[in-house]
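Quick notes on the structure that follows.
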Amino acid sequence: MAIITKQLAMEIVRKLKAKVVKRKGPHDIALVEHEGKIVADFGIRRGSNKELGHDHIPEQIFLRPSKARLLAQCPMSREDWVKIITEKGKA
Amino acid sequence: MPEPESIDRICPALEHEYSDLWWEQPHAVLVELARGRSRGRIVAISEEDIENLIEDFTAVLLPRWEEAARLETLQREVALLKGRCAVLERLSPILVPIKSLAPEPYEVVKPLHAVVRYQNEQYIASFFDANLSASGDTQVEAVLNLKDIIAGTFEILTTLQESELGPGPLQQRKVLEEFVQKKA
């Protein structure tokens, strides 16, 4: 069972206020901005299956899978995430 | 009610009648004897007779049972090892060279390698240099998805100014420009 499902991936998109670039291929690409710059990007698989695995996302947003899940499930805010990636020198 | 026959008289007959069954299904013979019957005849049989029979059967059957038990143990161990091998094969990361991004209008100018690993019942293909990954239900799907992500990310990042990119995406773009270019 995937830690990050399609449903949680869409929650992460919403939480990080990511801009989703629609493409012809099997993925759309989500771009996360902070202070006018793109600080992270990740692919969202097409398909209506809410359980579709997206465990590739955590490393692309510089989080451990458990933290990425927390981000999707509410306890972690966008501000918390920005703080983490700033500490890691990614923003 | 007929009189029970003597075991002295009945045993040689039993041995003859049951000679095949004794060695093939001793338990069935014992059960029948224990019920005091033999092919419809009522027999008188003592505990000692039954004990002797059990000893005879044990002497012949014990080695067979031991052999069967050894075989069963070996079969279980082989099945266990097969299962472990399958898990190890799934869990071991593999390195897949990517030499083309077809049908996308980009070409790979320097071979790049995807690392494909099994995680949480799915495969994840990663191009670590550019921090790009994609998931798939199979290894092939994960690699195809990674190729799509590489092409899509390259397409998007190269249309943006460097000043619009944070450290992560800027690094991604630099790495991708080293490995990928738009087809002429």
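Rule-based calculations on the coordinates, nothing more; no lab input. For clarity, every value in this text was computed on a predicted model and none was experimentally measured. When we count neighbours, we look across all protein chains shown, and the Cβ atoms used for this are built from the backbone with ideal geometry, even at glycine.
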Is there a pair in A:K24/A:K90; A:K83/B:K99; A:K50/A:K83; A:K17/B:K99 whose C-alpha atoms are over 32 Å apart, and which pairs would that be? A:K83/B:K99; A:K17/B:K99
Size of the stretch B:93-182 along its principal axes in angstrom, Cα-based, largest extent first? 39, 25, 17
Relative packing of A:66-79, B:90-103, which averages over residues the other C-beta atoms within 10 Å, highest first: A:66-79, B:90-103
Specify the angular offset, from 0 to 90 degrees and rounded to the nearest 10, of the alpha carbon long axis of helix A:78-87 from the longest principal axis of the alpha carbons in chain A. 60
Taking each residue in B:107-120, count the Cβ atoms of any other chain within 10 Å of its Cβ, then average. What number comes out? 1
Expressed as a whole number, the average count of other chain Cβ atoms within 10 Å around the Cβ atoms of A:37-49 is 5
Peptide A:17-27: average number of partner chain Cβ atoms within 10 Å per residue? 4
Overall form of the protein assembly as shown per C-alpha gyration tensor (a/c, 1.5; a/b vs b/c): prolate
Suppose only helical runs count, i.e. DSSP H with n ≥ 4. What mean residue ellipticity at 222 nm does that imply for the protein assembly as shown under -39500 (n - 2.57) per run, divided by all residues and rounded to the nearest 500 deg cm²/dmol? -15500 deg cm²/dmol
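Checking a compactness column here: for the stretch A:11-91, what do you get for Rg(Cα) / (2.2 N^0.38 Å), N being the number of residues? Show your work: numbers first, answer last.
On the way: Rg = 12.4 Å, N = 81, 2.2 N^0.38 = 11.7 Å.
Rounded to two decimals, the normalised Rg is 1.06.
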